[in-house]
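Computed from the coordinates by the stated procedures, all read-outs in this text should not be read as laboratory data. Only a predicted model underlies this, so the values are computations on that prediction, with no experimental measurement involved. Glycine gets a Cβ as well: all are built from the backbone with ideal geometry, and neighbour counts include every protein chain shown.
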Amino acid sequence: MGKSFFKTRVILFLTALLLCSMAGLSNAEDELNCVLCHKHRGLSRIDENGNLRLFYINEHMFEEGPHFRVKCIDCHQDIAKIPHDPAKKVDCTTECHLTEPSGQKNFSHKSVAEQLNKSVHGKFDTEGKEKKNVQDFPGCKDCHEEPLYRPLSFFKGKAGGISQRGISRCKTCHRTGKFAESFYKHVTSRLQKTRQPVEMVQVCDRCHSDKDLQQRHNLDDVVNTYKETFHYKAIKFGSDETPDCLDCHVVKGESVHFIEGRNSPTAANNNKNVATTCRTSECHDKASENLAGYRVHVTYDKDKYPFLHYMMMFFTGLMAAVMYFFLVLIILELLRRLFPNFSFTKSPDDGHH
């Protein structure tokens, strides 16, 4: 009886302590106090397929990220108790509690998903059937790898800071809470690229450099050929003004998720549209129609592009011949300087060689 009573008191004490801790951490975005457990870096388990799954959430990154005003249960809607069962995969098109200002409706990424499905990266064809090798086509988190989901990485520095002068103008009217700060960060971050050009190339590189994927979908090695261009070399030296993949493969004014295949009549990189794509105020505003004849992603595959293949072989041979000719000429010149009187024939005057 005594041991049982003592055990009950200990359990009640620990429960009360846990509830007090949860109450101290409670905030509007974390009603179920998810961070109470997920703040620990080592939180993980081995799933049914033998893969290690990490469940650590960096609270600071969450508060500074784009989802900081979204409740955990808005995305993880199948979680209603603690401790909870294994969570289902998040559907990025789920409506959340945030109100979209222009339409006064609950916000959702559904329209973005629709644009993605219509693009060359969509998993369904025009008849609504799954494409072949559907596992190769990207989903939301394949491209949007938010740092929040990289729990064992360490990051230095921080994104551009908040302009206090700009905030002071907002606070003239918006005085309640941190409304001005939160919306300032959200709006200004959406008015510029969320990734540097070199990072954008790395995102595309994850799939497009896969040799097996190239073979399955009959794709050219577009990333590595792009890396041989002046555009990428400028990016490597730190330029933010040089076009990356999205600048050339998205029609101006369209969603960046709507990338069409090159053979589509409305594609930004279709032969009829290349000059228009390049002829923008940010790039080559005086570009002529002849620019459309220049191919950026040049490959020399013998079966796909026989003309380019043999042209490359011709110029490679021509360059080698010219180089070896001058190399032999230089060697002969050096030999003459070392042996000025050397001759392969006899001199008619003295009989010396």
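Total lysine pairs in region 42-131 at Cα distances under 23 Å, for residues eight or more apart or on different chains: 20.
On the principal axes of its alpha-carbon atoms, region 258-335 has extents of 64, 33, 19 Å, going from largest to smallest.
With a Förster radius of 51 Å, plug the Cβ-Cβ distance of Glu289 and Asp212 into 1/(1 + (r/R0)^6) and report the FRET value to the nearest 0.05. Efficiency at R0 = 51 Å is approximately 0.85.
Equivalent ellipsoid of region 193-299: semi-axes from √(5λ) of the C-alpha gyration tensor, largest first, are 20, 18, 14 Å. FRET efficiency for the pair Phe107 and Ser255, taken as 1/(1 + (r/R0)^6) with r the Cβ-Cβ distance and R0 = 22 Å, rounds to 0.85.
Roughly how far apart, in whole Å, are the Cα centres of region 225-239 and region 51-120? With region 225-239 and region 51-120 each reduced to a Cα centre, they are spaced 35 Å.
Loop-located chymotrypsin sites (Phe, Trp or Tyr not before Pro) in region 217-254 (DSSP state other than H, G, I, E, B) with a sparse environment of at most 14 neighbouring Cβ atoms within 10 Å: Phe237. Could you check the simple spin-label distance between Asn263 and Glu63, using points 7 Å along Cα→Cβ, in nm with one decimal? With each label placed 7 Å out from Cα toward Cβ, I get 5.4 nm.
Taking label points 7 Å from Cα along the Cα-to-Cβ direction, Gln196 and Thr345 give a separation of 6.7 nm.
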